[in-house]
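Contents: one structure, followed by commentary.
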Amino acid sequence: MTAISWMLKGTEYGNCNCDYGCPCQFNGRPSSPDGSCRYATFTQIDEGHYGDVTLDGLRFVWIGAWPGAVHEGNGELQLIIDARADDEQREAIRRIVLNEDTDELLTHYAIFSAMSTKIYDPIVAPIELEIDMEARTAHGAVPDIVVSDVEPVRNPVTGKEHRAQIVLPEGFASTMMETASGTVKSTGTVRLDFAKTFAGISRLHMTDRGIIRS
């Protein structure tokens, strides 16, 4: 069992190097050109706590890279924590994302942390973040480290916006995500550079016992 109970509720989006649809969502292998899995995920906490520590309004980013499918391991993970957080809030977010207070494998944080052989010290920095799930648009940035933009997938012939959702009743991160097209570039420790690849925007409602399914 966990030492301290926690809860996060908000919105997050991830942009990886797979084609639209991302086979990982269906237990398939990455569809990136080199077979690797690389991504950046931006999280906006609307309501949250770690024990008695309030996390409302804070943000964090996690950037990961694996040479193959995530379950094969040998990944690296970089966490970036909102500069507005105080020391207690920074430690709370670090412990949540790096799975130090969660029953094993009940969250996506637990799985990605367990599959990483290199977990770098967290970075504290200002985080720009705007997410519109209904419009399938987002912008996230940490100055001098990472920038990501998301827009709707468009029909290659007509240019019309194409809307598709992935429903995951037993998902360990969310039960539904809006799919979109993302572009990201990271020049930090974990480097990313890809354009017009898969992005997924979802509601976040997570606790130390896993996701809340509504």
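Here is how the numbers come out for the structure above:
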{"read-out": "Any hit, segment 157-173, residues being surrounded by 19 or more Cβ atoms within 10 Å (Cβ to Cβ), modelled with pLDDT of 95 or more and touching a strand residue (DSSP E or B) at 6+ places or on another chain (Cβ under 7 Å)", "value": "no"}
{"read-out": "Tabulated pairs, segment 134-151, first free of Cβ contacts under 8 Å to residues at least 24 places away in the same chain, second part of a strand (DSSP E or B) and among the acidic types (Asp, Glu), C-beta under 7 angstrom, 6+ apart or interchain", "value": "HIS139/GLU128; HIS139/GLU130; HIS139/ASP149; ALA141/GLU128"}
{"read-out": "Whichever residue in segment 1-37 is within 17 Å of the chain's Cα centre (by Cα) and of a type in the set (Ser, Thr, Tyr) and, among such residues, is farthest from ALA92 (Cα to Cα)", "value": "TYR20"}
{"read-out": "Hits in segment 50-98 (condition: among the β-branched types (Val, Ile, Thr) and closer than 29 Å to GLN25 by Cβ)", "value": "VAL61, ILE63, VAL70, ILE80, ILE81, ILE93, ILE96, VAL97"}
{"read-out": "Test: residue in segment 182-199 that is on the phi > 0 side of the Ramachandran plot, among the charged types (D, E, K, R) and at pLDDT 95 or above", "value": "yes"}
{"read-out": "Per-region count, segment 133-170, residues of a type in the set (D, E, K, R), under 16 Å from the mean Cα position of the chain (by Cα) and not in a strand (DSSP E or B)", "value": "1"}
{"read-out": "Segment 171-214, residues that are part of a strand (DSSP E or B), among the charged types (D, E, K, R) and out of contact with any Gly (no Cβ under 9 Å at 6 or more places or on another chain)", "value": "LYS185, ASP193"}
{"read-out": "Subset of segment 80-116 [assigned to a loop (DSSP other than H, G, I, E, B) and among the aliphatic types (A, V, I, L, M)]", "value": "ALA83, ALA85, LEU98, LEU105, LEU106, MET115"}
{"read-out": "Answer from GLU91, GLU76, GLU72, GLU47 - the residue that is at pLDDT below 95, surrounded by fewer than 20 Cβ atoms within 10 Å (Cβ to Cβ) and farther than 19 Å from GLY171 by Cβ", "value": "GLU72"}
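The values are calculated or read from the model by the stated rules, or taken from the named source; none is laboratory data. Everything quoted here is computed from the prediction, not taken from an experiment. Cβ atoms come from the backbone with ideal geometry, glycine included; neighbour counts cover every protein chain shown.
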